[in-house]
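Presented below is the structure to which this report refers.
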Amino acid sequence: MMEKLLHGFPGSVFERESASCECIPDYGEPSGVEIRIVDLNKSFGETHVLKDINLEIKPGETFSIIGPSGTGKSVLLKHIVKLEKPDSGTIYIDGHDIFEPKEKNTPREYRYSMVFQTSALFNSLSVGENVGLWLREKRVCTEARIRRIIGEKLRLVGLEGKENMMTSELSGGMKKRVAIARSLAMNPDLILYDEPTAELDPITSDELARVIMSLKKEVNLTTVIVSHDLNFAFHLSDRVAMINEGRIIEVGTPSEIRKSDNPAIKKFLYTTTKGIAGD
Ligand SMILES: Nc1ncnc2c1ncn2[C@@H]1O[C@H](COP(=O)(O)OP(=O)(O)OP(=O)(O)O)[C@@H](O)[C@H]1O
């Protein structure tokens, strides 16, 4: 349950101007944020999981973090949404240290939303009810406006008019798109995907990539993806960071990463069955 409602955590919404007088003041238009990770370290007991991570993600960028299993990708993602706290170093979002108490007169804070591997939808609710959950829980605006917002978010993921379908009737790809629509309902400045194609076949993965790419054109948000699926990450990302044994070993455009001479990258790209062997 905790996971399912992550995007609705109080505290992820702060001082924002309202886009509409019908909605609560916090519910403004999204604005892609800049993320700057500086000298971040994290250990669990004796295990040093994240080692001197430095990374900049630009506003509006679609950025993927790739790398072998167990190298700290999810732990890094959790730091960005404050589910983990670093031992040293920090993360700035639009110049504000997210681990410091909120400064007085901070110009604005950010909203984030996470799409989980499992989609984490409520099967007993309809598609529209799932998408509208946070809006209704937070009483963001009038019921009529909530319905319009639900319709709009479903349109953005190619599910226009599907409000009344039951979640249990949906294919895996549709579930994923409903999960994205539900995340979009809070107008996030930052959307994070944890292994978005983990349960999808290649064709459905392509469909999902198209949805995420079309969002980039229509919505002003920053996108961070953690994925093992190299073809997916390379296809839709502006830039990619490769993490290995807790360190960022390369950051670049997909074509720069493909051309890298770094032996650890070559090994990862060309020796995994999920990689791009044969290219
Ligand atoms: N809360 C925790 N307590 C102790 N160890 C943890 C915790 N969270 C993660 N770890 C450890 O940190 C390391 C990195 O885990 P993480 O989940 O970030 O890897 P990953 O790169 O995302 O792997 P995968 O691709 O398989 O999901 C692993 O060794 C994991 O066991």
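Annotations
- Fraction of alpha-carbon pairs over 18 Å apart in the range 110-178 - percent: 35 percent
- Solvent-accessible ranking of Arg136, Arg210, Arg145, largest area first, probe 1.4 Å: Arg210, Arg136, Arg145
- Across all directions, the shadow cast by the convex hull of the chain built on its C-alpha atoms averages 14.8 square nanometres.
- For the range 118-273, convex hull volume per residue from C-alpha positions, Å³: 124 Å³
- Formal net charge of residues neighbouring Glu163 (Cβ-Cβ distance under 14 Å; K, R +1; D, E -1): +3
- Nearest-ten-degree value, helix 127-137 long axis tilted from longest Cα axis of the chain: 80 degrees
- One chain, two ends: Ala264 and Ser168. Fully extended at 0.36 nm per residue, the span grows by 30.4 nm beyond their Cα-Cα distance.
- The angle between the Cα long axis of helix 143-156 and the main principal axis of the chain comes to about 40°, on a 0 to 90 degree scale.
- The chain: most fluctuating residue of Glu143, Glu46, Glu152 per GNM, C-alpha cutoff 10 Å: Glu46
- Ser260, Ser214, reordered so the largest accessible area comes first (probe 1.4 Å): Ser214, Ser260
- Working from label points 7 Å from Cα in the Cα-to-Cβ sense, the Phe44 to Asp201 distance is 3.4 nm.
- Applying 1/(1 + (r/R0)^6) with r as the Cβ-Cβ distance of Asp97 and Ser69 and R0 = 22 angstrom yields a FRET efficiency of 0.10.
- Per residue, the solvent-accessible area of the chain (1.4 Å probe, heavy atoms of protein chains only, all protein chains present) comes to 46 Å².
- Sequence-ordered 3J(HN,Hα) estimates for the range 243-252 from the Karplus curve with 6.51, -1.76 and 1.60 and θ = phi - 60° stand at 10, 9, 6, x, 10, 6, 9, 6, 9, x Hz, glycine and proline given as x.
- Theoretical ellipticity at 222 nm over the chain - DSSP helices of four or more residues, -39500 (n - 2.57) apiece, nearest 500: -9000 deg cm²/dmol
- Accessible area of the chain belonging to carbon and sulfur atoms, whole % at 1.4 Å probe: 49 percent
- Length released on extending from Glu56 to Phe122, taking residue separation times 0.36 nm less the Cα-Cα span: 20.3 nm
The values are calculated or read from the model by the stated rules, or taken from the named source; none is laboratory data. Model, not experiment: these values are computed from the prediction. When we count neighbours, we look across all protein chains shown, and the Cβ atoms used for this are built from the backbone with ideal geometry, even at glycine. Remember, those area values only see protein heavy atoms, side chains included, never the ligands or the DNA or RNA. Shrake-Rupley method; radii C 1.70, N 1.55, O 1.52, S 1.80 Å.
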